[in-house]
Amino acid sequence: MNAIVVHAYGGPEVLSYESVPERLPGPGELLIANRAIGVNFIDTYFRSGVYKAPQLPFVPGNEGAGEVVIVGEGVSEFTPGDRVAYTSHLGAYADQTVVPAELVVKLPGSVGFEMAAASLLKGLTAEYLLHRTFDISPGNVILIHAAAGGVGLILTQWAKHLGATVIATAGSPEKVELVRSKGADHVIDYTKDDFVTAVRDITGGRGVDVVYDGVGKATYPASLDVLRPLGLFVSFGNASGVIDNFDILLLGQKGSLFVTRPTLGTFTKNREILLEQAERLFHVIGDGAVQVAINGHYPLAQAADAHRALQSRQTTGATVLLPT
Ligand code: NDP
């Protein structure tokens with residue numbers, strides 16, 4: 001079978017398309033034939049070495065959708081031919097992937113493979129950000145950074161569905177329009193305008209209840225300045241670089257703020273929570289409350305081009321890789 005292999009951490013050019021040996025599933029595992037593979041910013045962190053893989057070389061990719069081919073010993077929940085998707089497990093950039101069954105969910109008939117690969121990791125992230133990190137309810141006012149991105153567009157629509165007032169940032173006039181068309185109440189082009197001033201104006205000086213920040217270095221510490229007293233700073237990603245000078249005293253100076261740095265894996269490793277998250281996600285997709293925009297398609301062999309586009313801020317919505 002073919003897969004993308006990383007032999008040494010580096011830029012997109014280290015994503016090498018190669019023939020690799022097939023592996024059979026062990027106890028508790030499934031062999032899945034990937035029909036579509038999700039591209040996520042986290043894949044760039046593993047490729048570059050910001051996050052470390054368990055070993056080198058490794059097959060990157062944290063999200064795939066396809067059919068169960070072989071069921072490992074002791075697995076009773078799945079049978080060959082099941083339509084499934086998975087996340088929180090490296091190795092998705094391949095024709096086939098061996099995945100622990102506890103990380104796999106069955107797909108409803110209405111959710112196709114591309115939709116699943118475009119939405120599972122990003123959508124489960126939106127689910128925990130809106131329901132578990134903070135329990136969003138009508139009346140909450142929130143700021144979502146990079147709202148035209150994969151997670152951002154889902155988060156924006158889902159937050160609106162829950163009744164929040166959504167202030168969003170995006171990095172170009174076209175992205176601003178896209179986010180507005182998906183229901184955000186206010187959208188700021190933060191490459192042109194100062195988002196702190198804009199949020200203060202929009203909220204009449206009060207500030208927002210929560211900031212969802214996947215941008216990281218470029219928006220810190222300014223993101224703290226848009227929060228109301230006792231507001232919550234959710235730092236969930238590092239698209240512009242890792243925050244490396246976090247100053248805990250700022251939380252007190254800026255109004256007894258709360259801060260959290262959550263990761264999806266904390267939630268998905270509890271199977272009960274994973275299934276509840278997936279059910280909620282497929283429900284909001286199924287009833288049309290969240291529309292998943294798949295705006296990039298690449299053959300698996302061209303994963304490097306997908307990474308270049310994602311890291312140079314050219315993408316909106318989700319990107320998928322297609323095995324040939
Ligand atoms: P996106 O599609 O959102 O792409 C990243 C976006 O970040 C870009 O499109 C760009 O939007 C913005 N950005 C701002 N500054 C930069 C920069 N210097 N370089 C590149 N991009 C920049 O990616 P994802 O949807 O895959 O992920 C979004 C964030 O969420 C990432 O930080 C990711 O790591 C994080 N994440 C965290 C999870 C968790 O559980 N903690 C799970 C899933 C994702 P613009 O041009 O509008 O500024």
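The values are calculated or read from the model by the stated rules, or taken from the named source; none is laboratory data. Note that this is a predicted model, so its numbers are computed, not measured. With ideal geometry, Cβ positions are generated from the backbone for all residues, glycine too; neighbour counts draw on all protein chains shown. Note: areas computed on protein heavy atoms with side chains; ligands, DNA, RNA excluded. Shrake-Rupley method; radii C 1.70, N 1.55, O 1.52, S 1.80 Å.
Rounding to the nearest 20 debye, state how big the charge dipole of segment 178-324 is about its Cα centre with +1 on each Lys and Arg Cβ and -1 on each Asp and Glu Cβ.
On the way: 14 positive and 15 negative charges, 24 e Å.
Dipole of segment 178-324, to the nearest 20 debye: 120 debye.
Annotation: amide H-H contacts under 5 Å for Gly91 (H modelled 1.01 Å from N, sequence separation of 5 or more, or interchain): Gly61. Relative to the longest principal axis of the Cα atoms of the chain, the long axis of helix 271-286 makes an angle of roughly 70 degrees.
Residues in the chain average 41 Å² of solvent-accessible surface per residue, probe 1.4 Å, ligands and nucleic acids excluded.
So if each residue of separation counts as 0.36 nm, and I subtract the Cα-Cα distance between Asp185 and Tyr17, what length gain in nm does that give? Please list the in-between numbers first.
Numbers: separation 168, 0.36 × 168 = 60.48 nm, distance 4.29 nm.
Gain on stretching Asp185 to Tyr17: 56.2 nm.
Among Ile202, Ile167, Ile144, the largest mean-square fluctuation in a Gaussian network model of the chain (Cα springs under 10 Å) belongs to Ile202.
For the chain, adding -39500 (n - 2.57) for each run of n ≥ 4 DSSP H residues and dividing by the number of residues yields -8000 deg cm²/dmol at 222 nm. Each Lys and Arg contributes +1 and each Asp and Glu -1, all at the Cβ; summed about the Cα centre of the chain, the dipole is approximately 540 debye.
Of the residues Ala101, Val141, Gly152, the one whose Cα sits farthest towards the positive end of the charge dipole of segment 75-180 is Val141 (charges of +1 on Lys and Arg Cβ, -1 on Asp and Glu Cβ, taken about the Cα centre).
The coefficient of translational diffusion for segment 4-71, derived via Stokes-Einstein from the alpha carbon Kirkwood radius under 4 °C and 1.567 mPa s, stands at 98 µm²/s. Of the peptides 204-212, 62-70, the ranking by mean beta-carbon count within 10 Å, highest at the top, reads 62-70, 204-212.
Each of Met1, Ser110, Ala126 was scored by the projection of its Cα onto the charge dipole of the chain, and the greatest displacement toward the positive side belongs to Ala126; charges sit on the C-beta of Lys, Arg, Asp and Glu. Averaging 1/r over each pair of different alpha-carbon atoms in segment 33-159 and inverting the result gives 15.8 Å, the Kirkwood hydrodynamic radius.
Each of the peptides 223-232, 281-290 was scored by the mean count of other Cβ atoms within 10 Å over its residues; in descending order, highest first, they stand as 223-232, 281-290. Highest GNM mean-square fluctuation among Leu143, Leu153, Leu264, for the chain modelled with Cα contacts below 10 Å: Leu264.
Pairwise over distinct Cα atoms, reciprocal of the mean inverse distance: report the Kirkwood radius of segment 118-187 in Å, one decimal place. Could you put the intermediate results ahead of the total?
Values: mean 1/r = 0.0854 Å⁻¹.
Over segment 118-187, the inverse of the mean reciprocal pair distance is 11.7 Å.
Just the ratio, please: alpha-carbon radius of gyration of the chain over 2.2 N^0.38 Å, N its number of residues. Numbers along the way, then the final one.
Numbers: Rg = 19.5 Å, N = 324, 2.2 N^0.38 = 19.8 Å.
Normalised Rg, Cα atoms only: 0.99.
For segment 110-151, the ratio of Cα radius of gyration to the globular rule of thumb 2.2 N^0.38 Å stands at 1.35.
Projected onto planes of every orientation and averaged, the convex hull of the alpha-carbon atoms in segment 230-324 covers 9.5 nm². The trypsin sites (Lys or Arg not before Pro) of segment 149-204 that meet both conditions, a loop assignment by DSSP and at most 13 other Cβ atoms within 10 Å of the site Cβ, are Lys192. In segment 124-273 the Cα-Cα distances spread across 10 Å bins starting at 0 as 12, 44, 36, 7, 0 percent of all pairs.
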